[in-house]
Amino acid sequence: MSMSNESILVILLVGIVAGWLAGQVLRGTGFGLIGDLIVGIAGAFVAAWLFPHLNIHLGSGIIAEIISSALGAIILLLVVRLIRGRGRW
């Protein structure tokens, strides 16, 4: 999978918004503002890689990208929470 510089920039910017959104959705599981932003960026990369492999398409446009990146960040936060063993679902 090859990504252009523009697509990486969009993933980073959308990931920042998605990390904040995931931190709001999963209260108590976040890592603070900076940590949530980093998880959001990682979640955006997870969503950009995983969702096409699973044939999950949420549409086109920036809103669809934010939603899919937020879902990727939420999935990533839940996996990190399971690995750390803190709390319940």
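The values are calculated or read from the model by the stated rules, or taken from the named source; none is laboratory data. From a predicted model like this one, the values you see are computed outputs, not experimental measurements. Cβ coordinates were reconstructed from backbone atoms using ideal geometry, including for glycine residues, and neighbour counts include every protein chain displayed.
See the values below:
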item: Residues located in the range 20-30, provided they are modelled with pLDDT of 70 or more and either in a loop (DSSP other than H, G, I, E, B) or on the phi > 0 side of the Ramachandran plot (or both); result: L26, R27
item: Every residue from the range 32-89 that is outside any helix (DSSP H, G or I) and farther than 19 Å from L13 by Cβ; result: L54, N55, I56, H57, G85, R86, G87, R88, W89
item: One residue from A42, A47, A64 being touching a Ser or Thr at 6+ places or on another chain (Cβ under 6 Å), free of Cβ contacts under 8 Å to residues at least 60 places away in the same chain and at negative phi; result: A47
item: The range 8-43, residues that are under 12 Å from the mean Cα position of the chain (by Cα) and farther than 18 Å from R81 by Cα; result: I11, L12, L13, V14, G15, I16, V17
